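S.K.: My questions all concern the structure below.
The values are calculated or read from the model by the stated rules, or taken from the named source; none is laboratory data. Note that the coordinates shown come from a computational prediction; the quantities given were computed from them, not determined experimentally. Virtual Cβ from ideal backbone geometry, glycine too; neighbours counted across all protein chains shown. Only protein heavy atoms, including side chains, enter the accessible area calculation; ligands, DNA and RNA are left aside. Shrake-Rupley method; radii C 1.70, N 1.55, O 1.52, S 1.80 Å.
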Amino acid sequence: MTVNREREEHVAGGGLLHRRAFLGMSAVAAGGLASGLGAATDPRSPVSMREPGGALSGYGTRAPSAEIIQRIVPELPFPGTGSSRTPLQLLEGTITPNGLHFERHHNGVPAIDPATHELLIHGLVRQPLLFRYDDLLRYPRENRILFIECSGNSGTIAAAAPVQASAGQLNGLVSCAEWTGVRLGTLLDEVGVDLDARWVQAEGADAAGMTRSIPLSICLDDAMIALFQNGEPLRPEQGFPMRLLLPGIEGNASVKWLRRLKVIATPAFSREETSKYSDLLADGRAELFSLRMGVKSIILFPSFGLDLPGPGRREISGLAWSGHGRIRKVEVSADGGTTWAEAALGESVLPKALTRFRIPWRWDGGPATLLSRAVDDTGAVQPRRKEWVAKYGIGQGYHSNAIQSWRIDESGHVSHVYA
């Protein structure tokens with residue numbers, strides 16, 4: 001690679017370069033190698049060109065070198081209860097492969113026969129109805145690329161000292177996929193919602209009997225009954241045969257293995273929305289039904305576990321998202337927040353979906369502290385950690401969207417710090 005340093009435009013402290021620097025990168029082409037049929041007999045050609053390849057398969061497999069990319073699964077006393085995390089720092093783009101989408105289960109993954117599973121919609125409705133899996137397959141479907149984030153994601157930001165762990169371990173309770181299903185509003189129109197109705201209680205068919213109360217306004221907005229993920233039927237750990245999907249809302253409310261929707265006048269105040277999934281404030285009060293996820297960004301490279309081999313030109317990259325809509329911009333700082341520069345966003349910036357951001361950076365080999373902050377199209381700005389901690393009480397682990405910081409020392413080692 002050749003670089004003309006005289007044309008590099010520094011836009012902030014710490015070596016951050018203008019986004020147009022991406023255009024200045026050039027590669028050296030290789031020549032002199034045999035091509036086409038001639039390569040098959042040339043001993044200099046790779047083995048893959050000199051012998052037949054493998055056979056067809058009924059379901060694709062990953063390359064052997066990619067098999068090390070696995071969900072981060074902790075050791076738990078009760079294997080069916082807990083969560084596994086997406087290894088965000090090892091992935092590219094914005095779509096999470098189905099086998100790497102994070103999991104959160106409260107009492108294991110149930111085995112459900114789609115031929116007998118039914119969804120009941122009842123309560124304050126004109127006509128209660130049962131919907132089988134095959135029934136829903138006959139309805140018009142919609143496709144949307146959306147993130148799901150557990151409200152406990154990034155909860156360690158409230159710890160007294162920074163937890164030294166990878167970006168996936170700290171923030172991997174978020175994933176993004178193309179979801180296909182039936183708009184919930186279509187089914188609610190069919191049952192006929194009563195004028196006194198204000199809430200909907202969703203219940204799953206798992207052993208935990210997961211239930212959540214959701215405002216009717218959210219259910220009538222952009223909620224769907226998801227049947228497919230990234231083109232194939234939902235996997236059991238993601239709610240097969242059907243799950244509720246609430247764009248931008250905390251993942252726990254997108255009830256999996258959905259079996260019942262009860263239309264009600266007031267919230268049910270179930271276990272999962274009182275003793276759990278409520279936000280403790282610094283003044284001793286608690287917020288209930290703070291369902292929507294805030295604007296957020298995280299730097300994935302460089303990050304803990306991905307140290308730099310030495311000074312030179314690098315690309316800082318990461319992900320941003322907001323439960324309120326689209327990401328408008330992401331700014332990056334390489335000097336601990338003293339100065340900021342705007343990063344380049346991915347080609348498709350979709351509402352309530354992950355957005356990839358990148359910015360070129362020349363690391364001079366000295367200490368650096370990297371931060372990112374996102375702004376969504378409502379004008380909401382990702383807060384600094386001290387602002388977030390000032391609002392919430394000690395031990396609060398839900399809805400953390402505070403700015404996360406990485407420190408790089410002279411050896412290139414990356415650690416998690418509070419800046």
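S.K.: Could you please let me know if residue 79 is surrounded by fewer than 18 Cβ atoms within 10 Å (Cβ to Cβ) and modelled with pLDDT under 95?
M.R.: Answer is yes for this residue.
S.K.: Within the range 99-123, restricting attention to residues that are open to solvent by 60 Å² or more (accessible area, probe 1.4 Å), part of a loop (DSSP other than H, G, I, E, B) and not acidic (Asp, Glu), which residue is farthest from residue 271 (Cα to Cα)?
M.R.: 115
S.K.: Also, quick follow-up: What is the one condition in (1) surrounded by fewer than 21 Cβ atoms within 10 Å (Cβ to Cβ); (2) within 22 Å of residue 95 (Cα to Cα); (3) not hydrophobic (A, V, I, L, M, F, W, C) that residue 393 does not satisfy?
M.R.: Condition not satisfied by residue 393: (2).
S.K.: Quick one: count up the residues across the range 195-204 that are of a type in the set (Asp, Glu) and either closer than 15 Å to residue 80 by Cα or in a loop (DSSP other than H, G, I, E, B) (or both).
M.R.: Number satisfying all stated conditions: 1.
S.K.: Give me the residue from the range 341-371 that is modelled with pLDDT of 95 or more and acidic (Asp, Glu) and, out of that set, surrounded by the fewest Cβ atoms within 10 Å (Cβ to Cβ).
M.R.: My answer is 364.
S.K.: Take the range 55-98 and flag every residue that is in a helix (DSSP H, G or I) and under 28 Å from residue 349 (Cα atoms).
M.R.: Those that are in a helix (DSSP H, G or I) and under 28 Å from residue 349 (Cα atoms): 66, 88, 89, 90, 98.
S.K.: Let me ask something additional. Farther than 14 Å from residue 72 by Cα, touching a residue at least 60 places away in the same chain (Cβ under 8 Å) and either of a type outside the set (Val, Ile, Thr) or open to solvent by 30 Å² or more (accessible area, probe 1.4 Å) (or both), is that true of residue 87?
M.R.: No; evaluated as a whole, the condition is false for this residue.
S.K.: Right, next: Checking residue 328 against (1) at positive phi; (2) open to solvent by 60 Å² or more (accessible area, probe 1.4 Å), which test does it fail?
M.R.: (1)
S.K.: In the range 331-340, is there at least one residue being at pLDDT below 95, out of contact with any Asp or Glu (no Cβ under 8 Å at 6 or more places or on another chain) and surrounded by fewer than 17 Cβ atoms within 10 Å (Cβ to Cβ)?
M.R.: No, every residue in the range 331-340 fails to be at pLDDT below 95, out of contact with any Asp or Glu (no Cβ under 8 Å at 6 or more places or on another chain) and surrounded by fewer than 17 Cβ atoms within 10 Å (Cβ to Cβ).
Every residue, every condition in (1) over 15 Å from residue 336 (Cβ atoms); (2) without any contact (Cβ under 8 Å) to a residue 12 or more places away in the chain; (3) not small (Gly, Ala, Ser), yes or no:
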site	(1), (2), (3)
361	no, no, yes
382	yes, no, yes
391	yes, no, yes
412	yes, no, no
415	no, no, no
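S.K.: Could you check how many residues of the range 157-179 are of a type in the set (Val, Ile, Thr) and modelled with pLDDT under 95?
M.R.: Number satisfying all stated conditions: 1.
S.K.: Which ones in the range 14-61 are among the small types (Gly, Ala, Ser), at pLDDT 90 or above and surrounded by 12 or more Cβ atoms within 10 Å (Cβ to Cβ)?
M.R.: Within the range 14-61, 15 is the sole residue that qualifies.
S.K.: Is it the case, given these coordinates, that residue 209 is without any contact (Cβ under 8 Å) to a residue 24 or more places away in the chain and at positive phi?
M.R.: The answer is yes for residue 209.
S.K.: Is at least one residue of the range 257-278 within 26 Å of residue 176 (Cβ to Cβ), buried (at least 17 other Cβ atoms within 10 Å of the Cβ) and in contact with a helix residue (DSSP H, G or I) (Cβ under 6 Å, 6 or more places away or on another chain)?
M.R.: yes
S.K.: Take residue 177 and decide whether it is free of Cβ contacts under 8 Å to residues at least 12 places away in the same chain and within 25 Å of residue 290 (Cα to Cα).
M.R.: In short, no.
S.K.: For the range 205-308, please list each of the strands (runs of 3 or more DSSP E) lying entirely inside it that holds at least 1 residues being of a type in the set (Val, Ile, Thr).
M.R.: 211-215, 224-229, 258-264, 296-301
S.K.: Take the range 74-116 and flag every residue that is β-branched (Val, Ile, Thr), touching a Ser or Thr at 6+ places or on another chain (Cβ under 8 Å) and more than 16 Å from residue 233 (Cα to Cα).
M.R.: 86, 94
S.K.: Kindly indicate the residue of the range 284-307 that is out of contact with any helix residue (DSSP H, G or I) (no Cβ under 8 Å at 6 or more places or on another chain) and crowded, with 16+ Cβ neighbours inside 10 Å and also nearest to residue 91 (Cα to Cα) among those meeting that condition.
M.R.: The extreme case among them is 302.
S.K.: Now for a different question. Scanning for something of a type in the set (S, T, N, Q), in a strand (DSSP E or B), buried (at least 16 other Cβ atoms within 10 Å of the Cβ) and in contact (Cβ under 8 Å) with a residue 40 or more places away in the chain, does the range 157-171 turn up at least one residue?
M.R.: No, because not a single residue in the range 157-171 is of a type in the set (S, T, N, Q), in a strand (DSSP E or B), buried (at least 16 other Cβ atoms within 10 Å of the Cβ) and in contact (Cβ under 8 Å) with a residue 40 or more places away in the chain.
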